[in-house]
Each structure stands twice: as C-alpha cells, then as structure tokens.
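Below you'll find the structure, written out as structure tokens, and then a few comments.
The values are calculated or read from the model by the stated rules, or taken from the named source; none is laboratory data. All of these numbers come straight from a predicted model, not from anything done at the bench. Note that we place each Cβ from the backbone using ideal geometry, even for glycine, and neighbour counts take in every protein chain shown. Please note that ligands, DNA and RNA were not included when accessible areas were found on the heavy atoms of the full protein model with its side chains. Shrake-Rupley method; radii C 1.70, N 1.55, O 1.52, S 1.80 Å.
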Amino acid sequence: MAKVMSADGVYPLSANDKQTLMLLLAWYEQTTGTAVFDASGTCQIGQEGFEQILAMYKRLVDEKVINPNDKAQVKEFASGKVAGILIWVSDAPRYCGQAEKAGIRVTLGQNLSLDGTSFVGWYMKPATMLAVSSLTSNPEEAGRLVNYLLNDPDYALMQGTEKGVPVSRSAYAALEANGKLEGYETDATNQMHDHQGELKAMVPIMEDSDVLAAFSDAAKLYLYGKADLSTCAGQVMAAVEGA
C-alpha cells in the first residue's frame, strides 16, 4: 500500500506513540509466538526482542507505511493525508466524525494480523472502571451510587456512549431500545466482542508512562540516527525492568 500511496504523499497508517507500541508488540507476538509480557506484567523477552521491535518501527517509517507525525492525527485523517488510523474504540466518533464532515467515507478495519498466525497479539481494556474505596465511611451509599452510574437506564441514556458502549446489560438494553447504539463506536465494540476469544486483557506495564517515554525517545533516537540500535533497545529494556 505504501508503495502506491506514497506517490501522492499519503501514508497507509497513523498511530500515536502508545498505539505504535501496541502495533509493534502485536507484530512481534505474531511473528515469534511469544508474548512480550505475561499476565503479571513480567517481561518475557530480552534486549534482542526490543531491537527487533525498534528495527521494525524504523522500517515502517522508512518505507512510508507509518506517518511519524502523530501530533495531528485527526486533521491528517480528515484531510486524507493518512488512509488509516489505529485508535481506541472510544475515540472512533471524534476521528471518524471529522473525516465524515470532510466528505470521507470511513470503514472499520479488522485487527491487523499476519496470515496463518495463531497468536493475535492484540489486547483490550475497559475505557472506564468504577470502584468503591475500602476506606469510605459510607460503603452502602457509595455502592448505590456506583450501581446507579453503571446500571440505571435513565443515567445510561444521559451518558450515551460518551465513555464507550456499556457492558451493563440494563444500560445496554436502554440504549438499544432508544436507538442510541449506532455508528463506528458500536460497530467496533461489536467486532471486539466477536473476536473476544482472540484478545487478551491489557497489562498495566504496557501503558506505564516511563516505559512509553523510553520507547518514544528510543524510537526517535534510532530513527534519526542519533544512537545505535543496541543502545536504544537497552534504553527500553532498562525502563521495562525498572517499571
């Protein structure tokens, strides 16, 4: 795709630093069959693995597959400068809405995967979680509030899908009965549920701010020739081990 689109200055894909890391983790896990992190967040690969991940990132940028400018995704997607974006389900209305206003027809894509792989390497997480603190002096009242925010049909209609499509059956039913479950966000959520058996729960270290900062810095240093591959991979490895 990049070979064809680059003639018109178009990138096939845009992703911010976090989504780019998710993409590269999925690629690594699919090609090697090894999960980068286990369920507890323990890293299961060494520096060589991060060298492969950073090398793949540079290849994607060098071959104009990914636009390294991740600061104007909405604008670039709406203007047609990037053909596809990798985003959270809950972000779909904002990105796709701007593109539609610009006259672009948007299509929901499948999770990127290599042919014949048995290891998908993609993850899911809730957009919002509610909980009652064990330190609260009013646990019953707090529990009633959480129950209202999660399950009350009237509140569900007020909130809509602002924080994503709810998993609560009563909230979902209220939105469905009132025609509030339409559009990209709902379609993407349904697709996620259809492929739920292929997805794993995201582990916190994948969004650790120090790890993300180290990856972003190392990726740019390697991309622009400011440091060699081993040094950059070691920087990411150190952040992972210290997280």
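Couple of notes before you dig in:
- Of all residues assigned to the range 105-116, at least one qualifies as being open to solvent by 70 Å² or more (accessible area, probe 1.4 Å), closer than 15 Å to ALA15 by Cβ and either part of a helix (DSSP H, G or I) or of a type outside the set (D, E, K, R) (or both).
- Scanning the range 154-200 for residues that are open to solvent by 70 Å² or more (accessible area, probe 1.4 Å), modelled with pLDDT of 90 or more and small (Gly, Ala, Ser) yields a single hit, ALA177.
- All positions within the range 26-69 that are within 17 Å of LYS220 (Cα to Cα), in a helix (DSSP H, G or I) and not β-branched (Val, Ile, Thr): PHE50, GLU51, GLN52, LEU54, ALA55, MET56, TYR57, LYS58, ARG59, LEU60, ASP62
Condition check ((1) among the small types (Gly, Ala, Ser); (2) at pLDDT 85 or above; (3) on the phi > 0 side of the Ramachandran plot; (4) surrounded by fewer than 17 Cβ atoms within 10 Å (Cβ to Cβ)) across all residues:
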site: ASP62; (1), (2), (3), (4): no, yes, no, yes
site: ASN69; (1), (2), (3), (4): no, no, no, yes
site: GLN73; (1), (2), (3), (4): no, no, no, no
site: SER90; (1), (2), (3), (4): yes, no, no, no
site: ALA102; (1), (2), (3), (4): yes, yes, no, yes
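- Filter result for GLY143 (under 15 Å from PRO93 (Cα atoms) and of a type outside the set (Lys, Arg)): no
- Qualifying residue in the range 217-225 (condition: touching a residue at least 12 places away in the same chain (Cβ under 8 Å), in contact with a helix residue (DSSP H, G or I) (Cβ under 7 Å, 6 or more places away or on another chain), exposed (fewer than 14 other Cβ atoms within 10 Å of the Cβ) and not aromatic (Phe, Trp, Tyr)): no
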